[in-house]
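See below for the structure under consideration.
Bear in mind that the values in this text are calculations on the coordinates, not laboratory data. This structure is a prediction, so every number in the text was calculated from the model and none was measured. In this analysis, Cβ positions are derived from the backbone assuming ideal geometry, glycine residues included, and neighbour counts consider all displayed protein chains.
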Amino acid sequence: MNDRLLKMGIIGTVIAALCCFTPVLVVLFGVVGLSAVVGYLDYVLLPALAVFALITIYALIRRARRT
């Protein structure tokens with residue numbers, strides 16, 4: 001289970017970081033016609049990035065204790 005948690009944390013962190021620090025979602029929402037939502041992306045993406053980073057750290061700590 002710990003490896004699955006680690007994979008989920010790393011993948012979530014990478015996706016959230018990509019969407020936070022590059023204009024991937026801004027361009028995508030502009031193309032789709034949801035550009036009014038762009039102003040609220042930071043309220044969702046920054047906490048998601050923090051949660052996934054904490055999941056990754058937690059999984060790494062559990063992995064280190066196990067070995």
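Would you be so kind as to identify which of Ala59, Leu49, Gly30 lies farthest towards the positive end of the dipole of the chain, taking Lys and Arg as +1 and Asp and Glu as -1 on Cβ and the Cα centre as origin?
Ala59
Quick check: residue separation of Tyr58 and Val44 times 0.36 nm, minus the Cα distance between them. What number comes out in nm?
Working it through step by step, the gained length comes to 2.9 nm.
So what is the relative contact order for the range 2-66, in percent, with contacts set as C-alpha pairs under 8 Å and at least six apart?
Relative contact order comes out at 57 percent.
If the chain between Thr67 and Ile15 were fully stretched, how many nm would it gain, using 0.36 nm times the residue separation less the Cα-Cα distance?
Gain in length upon complete extension: 15.9 nm.
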